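First the structure, in the form of structure tokens, and then the observations on it.
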Ligand code: 13P
Ligand code: SF4
């Protein structure tokens with residue numbers, strides 16, 4: 001994790017009302033030189049200052065489109081800011097208001113591990129392997145994937161990207177078959193990989209979970225050889241908090257709840273849900289639903305609470321009875337946003353996120369392969 005220096009007392013001690021006023025003033029001074037992007041999991045206090053909000057895919061596209069802005073202040077987590085730096089021009093600078101806003105899932109696939117595992121996988125495969133990485137990964141891992149003829153994916157377009165990766169596989173091949181096509185190494189989220197492959201019609205037996213800390217991933221060479229999907233042993237600690245019991249409890253209630261979850265949830269939870277998709281998909285589905293409908297949502301709490309407040313004609317609640325919040329997203333707050341913007345006004349760029357040229361080149365290849373595959377679609381709508 002990167003270290004964030006403590007903020008000067010003029011930020012730490014200020015009230016929220018004061019900070020909001022100062023942020024407004026700084027934004028006004030900076031005008032079009034700055035664009036603020038906000039992921040849906042950000043707190044309301046931060047989201048109110050975002051020029052654009054979105055899921056990971058939409059924010060990557062928006063970052064690439066901001067050709068006029070000199071500074072892109074990314075209210076999200078580290079890998080998102082890296083993606084923005086990869087996709088924007090060299091004269092643009094990307095800023096993450098708090099450097100400790102990382103992603104524990106992205107940290108579960110370190111480039112050294114990926115590079116060590118790759119030759120083992122290639123040796124024990126009868127088919128070529130296409131590596132796919134969820135955008136929730138470091139720029140190094142994205143570059144690895146780009147170099148090895150793979151691509152990135154987000155939760156909005158994972159189906160499309162997996163189909164692309166398996167290219168060459170015949171329809172009759174949708175079992176344990178190995179008659180042509182490619183295998184897929186899916187990094188770093190085993191759940192998104194499993195949920196997506198299953199939604200495409202692949203059985204669970206065609207997938208193995210690869211633990212990079214064990215010989216042969218803890219599955220053995222035969223299982224590796226037979227598998228069509230090698231799922232990296234990574235997960236989101238927030239979405240793993242949603243459980244089958246919670247789905248059953250919602251179903252037992254008298255109100256006719258719809259269950260809608262993010263595909264970072266486990267396969268068992270996704271199977272019990274009515275709808276599965278990215279944050280953008282969740283927002284669109286609930287927003288467009290008829291008034292009076294009931295929604296239990298399996299994703300980060302700030303987004304669920306915002307939907308509950310902004311859609312009072314619907315009954316919106318979290319699927320879990322507990323606080324499922326992303327503690328790293330939460331690190332971006334009014335103080336850090338104010339500090340980053342006021343430094344820009346003073347001509348100082350703080351917390352710039354940069355990716356070196358070689359890594360940038362290959363990770364851009366992986367991201368652009370993904371962005372060329374449109375349209376975005378949910379993992380599954382059952
Ligand atoms: P999306 O916004 O792409 O659905 O991803 C959710 C997430 O966990 C981001 O880290
Ligand atoms: Fe990472 Fe999960 Fe937080 Fe998303 S919600 S940033 S995947 S830890």
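No value in this document is a laboratory result; all are computed from the given coordinates. Model, not experiment: these values are computed from the prediction. Virtual Cβ from ideal backbone geometry, glycine too; neighbours counted across all protein chains shown.
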(request) With springs connecting C-alpha atoms under 10 Å apart, model the chain as a Gaussian network and identify which of 79, 52, 144 has the largest mean-square fluctuation. (result) 52
(message) Modelling each spin label as a point 7 Å along the Cα-to-Cβ direction, I'd like the residue 33/residue 91 distance in nm, to one decimal.
(response) 1.4
(request) Before rounding to the nearest 500, sum -39500 (n - 2.57) across all DSSP H runs of length at least 4 in the chain and divide by the residue total; then give [θ] at 222 nm in deg cm²/dmol. (result) -11500 deg cm²/dmol
(message) I'd like to compare 80-86, 231-237: which one has the highest average count of other Cβ atoms within 10 Å, and what's the full order after that?
(response) 80-86, 231-237
(message) I'd like the antiparallel share, as a percent to the nearest 5, of DSSP beta bridges with both residues in the chain.
(response) 10
(request) Treating the angle as unsigned and between 0 and 90°, give the value, to the nearest 10°, between the Cα long axis of helix 190-199 and the longest Cα principal axis of the chain. (result) 60
(request) Report the label-to-label distance for residue 284 and residue 123 in nanometres (one decimal), using points 7 Å from each Cα along the Cα→Cβ vector. (result) 4.5
(request) May I ask you to order 364-371, 298-305, 286-293, 214-221 by the average number of other C-beta atoms within 10 Å around their residues, highest value first? (result) 298-305, 364-371, 214-221, 286-293
(request) Could you tell me how many degrees, from 0 to 90 and to the nearest 10, lie between the Cα long axis of helix 279-288 and the main elongation axis, the longest principal axis, of the Cα atoms of the chain? (result) 80
(request) Calculate how steeply helix 56-65 sits against the longest principal axis of the alpha-carbon atoms of the chain, using the helix alpha-carbon long axis, and give the answer as 0 to 90 degrees to the nearest 10. (result) 60
